Amino acid sequence: MRNARMHGLREWFLTLFGFYAFRCDSCSHRFVIRPLGPRATVFARCPRCFRMDLSTWDPKYYHAEFWADLKAWLGGNRWRCEPCRRNFVSWRPRREKYVRPAEQAAPYSAPHSDYQELHDS
């Protein structure tokens with residue numbers, strides 16, 4: 001299953017309510033569904049992979065297209081999907097903050113004082 005292109009104003013309008021067009025890889029059947037459920041429509045999601053664990057991006061490191069800059073200037077949030085590396089702008093808030101696996105590790109604790117005594121000999 002993969003994303004399909006929108007056909008017409010009706011399908012664009014349905015995306016505001018969380019409905020998206022998909023196409024089956026094996027039979028090429030096209031259908032419109034709501035993959036994330038009705039509660040997820042109020043949160044931002046990646047337009048490529050539909051993930052909701054997003055981080056932010058800095059405009060000085062990424063040159064966005066005109067429409068993304070305009071949306072950001074009008075108050076949109078700059079979101080980045082780390083797994084698929086997609087930067088986008090949305091007015092919707094994020095549901096989950098993306099945390100890299102290295103940041104999830106336990107904080108560093110200094111070795112005990114007798115560590116030096118044991119290993120200096």
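Rule-based calculations on the coordinates, nothing more; no lab input. Since we're looking at a predicted model, the values are computed, not measured. When we count neighbours, we look across all protein chains shown, and the Cβ atoms used for this are built from the backbone with ideal geometry, even at glycine.
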- prompt: Among 47-59, 78-90, what's the highest-first ranking by average C-beta atoms within 10 angstrom per residue?
  reply: 78-90, 47-59
message: Starting from the 7 Å offset along Cα-to-Cβ, what nm value, one decimal, do you get for the label separation of S55 and L74?
response: 2.8
field: Footprinting exposure proxy for D25, D69 (fewest neighbouring C-beta atoms within 10 Å first)
entry: D25, D69
- request: With a point put 7 Å past each Cα toward its Cβ, work out how far H29 is from T41 in nm, to one decimal.
  value: 2.4
